[in-house]
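Everything below concerns the one structure shown next.
The values are calculated or read from the model by the stated rules, or taken from the named source; none is laboratory data. Everything quoted here is computed from the prediction, not taken from an experiment. Glycine also receives a Cβ, built like all others from the backbone with ideal geometry; neighbour counts cover every protein chain displayed. Remember, those area values only see protein heavy atoms, side chains included, never the ligands or the DNA or RNA. Shrake-Rupley method; radii C 1.70, N 1.55, O 1.52, S 1.80 Å.
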Amino acid sequence: MVSRRRVLLGTLGVAGALVIGWSIVPPRQRISTARQMPLAPGQQSLNGWLKIGSDDRVTIMLAKSEMGQGVSTALAMLLAEELDADWSRVTTEMSPVDKIYNNIATVIDGLPFHPDDHGSLKTFVGWMTAKSMREIGLMVTGGSSSIKDLWGPMREAGASARAMLVAAAAAAWRVPAGEITVQAGVLRHAASGKQARFGELAAQAAVQEMPGSVTLKDPARFTLIGQPTKRRDTPAKSDGSARFGLDVLPPGLLYASIVMCPTVGGSVASFDPKAAAALPGVQQVMAVPGLRGGTGGIAVIADTPWHAMQAAKQVVVQWNPGPAAGLDSAALMQQLKTALAADDGFGYYRTGDAAQALKDAARTLTAEYSSPLLAHSTLEPQNCTVWLKDDAAMVWAPTQVPDIARAAAADALGLSADQVDLQVTLLGGGFGRRLEVDFIAQAATVARAVPGQPVQSFWSREQDMTHDFYRPPCVARYTAGFDAQGRLLAWQATSAGPSIVQQYLKRQWGLPGAGPDKTTAEGAFDNPYEWPNARVGHVIVETPVPVGFWRSVGHSHQAFFKESFIDEAAQAAAQDPVAFREALLQKHPRHLQVLRRAAALSGWGSTLPPAADGAKKMRGIALHQSFGSIVAQVAEVSVSPADKQIRVHRVVAVIDCGLAINPNIIRQQMDSGIVFGLTAALYGEITLAKGQVQQSNFHQQALLRFNECPVIETEIIQSAEPPEGVGEPGTPPIAPAVANALFALTGQRLRHLPLRLA
């Protein structure tokens, strides 16, 4: 008789062998889709990333959402380079939902490892994560990962298609493939004088066997990558033909104005629709639940947006305020401070013995910092159009997560995901807000009430700002220890705040929040400074306030804490802030180069002339690595003698983002990130009273105005390293650079955001 123990052990052995066997197999290909892509007349699909038409037009599939960051140009450049396409004949099209488009890089980057960790555990976990995300991952535009994620796959797709075109030409001309050259969409055979355009060979190429492997170009042969190429989306955005979410206008379109419970997370207790229903153009008044972490409310469906908005004002609603009722900002921040005082949190980084080194230090320095809730304030408020027809639906959405959005719509409509055709539009700003799908599930719920007719659900600016998934509030305590000569001996940093990832997992998939969340401490633990003794930790604090990913996520506030405190440490050590940082970066040459170049370009150490109003100007510096890129910024700041307002006159920025795919786009994103971060540093703050957000529009949550925008000068370090992120790394350093300049100017240490002088 075979014992149950032997059967169990045998089964585990087989399973273990299967897991080990699976683990050593490379991740599955990211070239071919599971289903044939839809083709227009005359088009041929050579793989899951491109189609070639008989008119020679090359259509490149865009698997990342375009929200102003320029991916519709930069990603197309990757494929077109290896294809040797005629750039003037290249266009893009949003890809369908398919596993080959899953974002692997952003998940790997989310693992809680230090950038300097090159150990076997990190390598193995990264390898297994890549394999898993290829099978069960998600299509995501976020984490400044678009280029990094597709740097390999899109180049391979271009090289593969090129090889198939060459094979087709070789077969047609009966010449060796090695004798055929390709340039600007034309294949040539010099000896015979034969040539053909892509469109003439596309049909024959489509039936060629896809190559098992391809050789990618040496960077020295790049003709498109690295060039300051103009963006492809600019003309359409300039002439109004670009299609954002609110531009979707299918025939017979109805409009739904949404009004949600003023208390975050609340719902409808009861409502009286009679007054609204009697108004012209109104089709229906209904309650909508809070789905996918959203807040419940009412929807008024009408013939026009105006009719819907006016009628929504007439609906009398009794609200159930929900779990956040009674919560205010002061209580929320006190909750974080209490947690910080009671716990040192999960340790994300340790080296040496920080606690003992602090005890042994000749003197110590301690400072506490804080940052508030922040709204995303996308210029296009949340919207989604849904058309339910029998047992299928069309959904048009400005989203950063197509497959999660499709699943949310399908659930709300009572359909399977395969019955929903999701079309991703241009995004009028994302910044992480459109990683959420509450507004998509809500729109699907509304459309289900009027089957057969398309409905565009839209939010007002006020609804958008008061029902966001906010950047988490955070408090932090930093302590440094010095020896008698002023040398840094110890660094200890602990912060406290909510976890985005734990909330996100719960609202999207119902998973319990548990374990560490890298986003809570990123920017604090994963920096390059060579502390002799250090510990960095974070305490996760639960709150009913919905928090979400905000441009640069944890880096946005942790960089402010860290770079402000290192300036304080430099002052305590009686050292220049640049020199103090240099001493801690001796094993990090790329960081040193960025820091020194920013200092040199800014004229660090020289006296600045006064501002136009006669005010004295001073400089502040910050260095920060995020999303793989290293950025240093120097801000020139004054305080107006007339109104005591902070003025930022000039920002010098230096970035090492690896190989620069398109220098124009990199500079644009640095400009964008700095303006975004400066807006938050000077004005950004969401406050709560009795569970209700107190800011409703830009008169209370200001954006940086043109006359307040500094001159921004960006230098890109030339590099042969693989490309890294550029959409977010410009944001984290600006707040500490300005704060450090203000200290040099006024002697005030501003440790709390937004920056306000006493």
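Odds and ends about this structure:
- First in region 224-237 and among the small types (Gly, Ala, Ser), second anywhere and open to solvent by 30 Å² or more (accessible area, probe 1.4 Å), Cβ under 8 Å, 6 or more apart: Gly226/Pro219; Gly226/Leu659
- Extreme residue, modelled with the lowest pLDDT, among residues of region 201-221 that are assigned to a loop (DSSP other than H, G, I, E, B) and touching a Leu at 6+ places or on another chain (Cβ under 9 Å): Met210
- Taken together, Lys148, Lys99 contain a single residue that is open to solvent by 30 Å² or more (accessible area, probe 1.4 Å) and closer than 21 Å to Arg551 by Cβ, which is Lys148.
- Residue within region 306-323 that is in contact with a Cys (Cβ under 6 Å, 6 or more places away or on another chain), open to solvent by 40 Å² or more (accessible area, probe 1.4 Å) and either within 27 Å of Val424 (Cα to Cα) or at pLDDT 95 or above (or both) present: yes
- Among the conditions (1) under 30 Å from Pro451 (Cβ atoms); (2) open to solvent by less than 40 Å² (accessible area, probe 1.4 Å), Arg243 misses just one, which is (2).
- Given (1) outside any loop (DSSP other than H, G, I, E, B); (2) free of Cβ contacts under 8 Å to residues at least 40 places away in the same chain; (3) not charged (D, E, K, R), index of the condition Val738 fails: (2)
- Scanning region 415-464 for residues that are touching a residue at least 60 places away in the same chain (Cβ under 8 Å) and of a type in the set (S, T, N, Q) yields Gln423, Thr425, Gln442, Thr445, Gln453, Gln456, Ser457, Ser460, Gln463.
- Where Leu659 falls short, out of the listed (1) under 30 Å from Pro112 (Cβ atoms); (2) of a type outside the set (Val, Ile, Thr); (3) buried (at least 24 other Cβ atoms within 10 Å of the Cβ); (4) more than 18 Å from the chain's Cα centre (by Cα): (3)
- Count of region 550-579 residues which are part of a helix (DSSP H, G or I) and either open to solvent by 10 Å² or more (accessible area, probe 1.4 Å) or touching a strand residue (DSSP E or B) at 6+ places or on another chain (Cβ under 8 Å) (or both): 19
- Filtered residue count, region 263-304, keeping only those that are open to solvent by 50 Å² or more (accessible area, probe 1.4 Å) and not charged (D, E, K, R): 12
- Answer residue from region 377-411, given it is out of contact with any strand residue (DSSP E or B) (no Cβ under 9 Å at 6 or more places or on another chain) and more than 25 Å from Gly554 (Cβ to Cβ) and is most open to solvent (accessible area, probe 1.4 Å) among those: Asp390
- Hey, Leu682 outside any helix (DSSP H, G or I) and either surrounded by 17 or more Cβ atoms within 10 Å (Cβ to Cβ) or among the aromatic types (Phe, Trp, Tyr) (or both) or not: no
- In region 426-437, residue farthest from Val547 (Cα to Cα) [restricted to those that are open to solvent by less than 10 Å² (accessible area, probe 1.4 Å) and part of a helix (DSSP H, G or I)]: Arg434
- Restricted to region 67-96, and to residues there that are among the aliphatic types (A, V, I, L, M) and under 23 Å from Ser629 (Cβ atoms), the residue that is most open to solvent (accessible area, probe 1.4 Å) is Met67.
- Scanning region 693-730 for residues that are out of contact with any Phe, Trp or Tyr (no Cβ under 8 Å at 6 or more places or on another chain), open to solvent by 70 Å² or more (accessible area, probe 1.4 Å) and under 26 Å from Phe549 (Cα atoms) yields a total of 4.
- Out of Gln456, Gln485, Gln492, sole residue that is open to solvent by 30 Å² or more (accessible area, probe 1.4 Å) and in contact with a Phe, Trp or Tyr (Cβ under 8 Å, 6 or more places away or on another chain): Gln492
- Taking the criterion of being in a strand (DSSP E or B), surrounded by fewer than 20 Cβ atoms within 10 Å (Cβ to Cβ) and without any contact (Cβ under 8 Å) to a residue 24 or more places away in the chain, the residues of region 156-188 that qualify are Thr181, Arg188.
- Complete set of residues in region 375-417 that are of a type in the set (Lys, Arg) and in a helix (DSSP H, G or I): Arg406
- Among the residues here, Ile646 does not qualify as among the β-branched types (Val, Ile, Thr), crowded, with 23+ Cβ neighbours inside 10 Å and under 23 Å from the mean Cα position of the chain (by Cα).
- Of all the listed residues (Met133, Met154), the sole one being modelled with pLDDT of 95 or more and not hydroxyl-bearing (Ser, Thr, Tyr) is Met154.
- Taking (1) under 23 Å from the mean Cα position of the chain (by Cα); (2) without any contact (Cβ under 8 Å) to a residue 24 or more places away in the chain in turn, Trp550 satisfies each apart from (2).
- Restricting the search to strands (runs of 3 or more DSSP E) fully inside region 441-521 and requiring at least 3 residues that are modelled with pLDDT of 95 or more, charged (D, E, K, R) and more than 19 Å from the chain's Cα centre (by Cα) gives an empty result.
- Test: Arg461 is farther than 30 Å from Leu332 by Cβ and open to solvent by 10 Å² or more (accessible area, probe 1.4 Å): no
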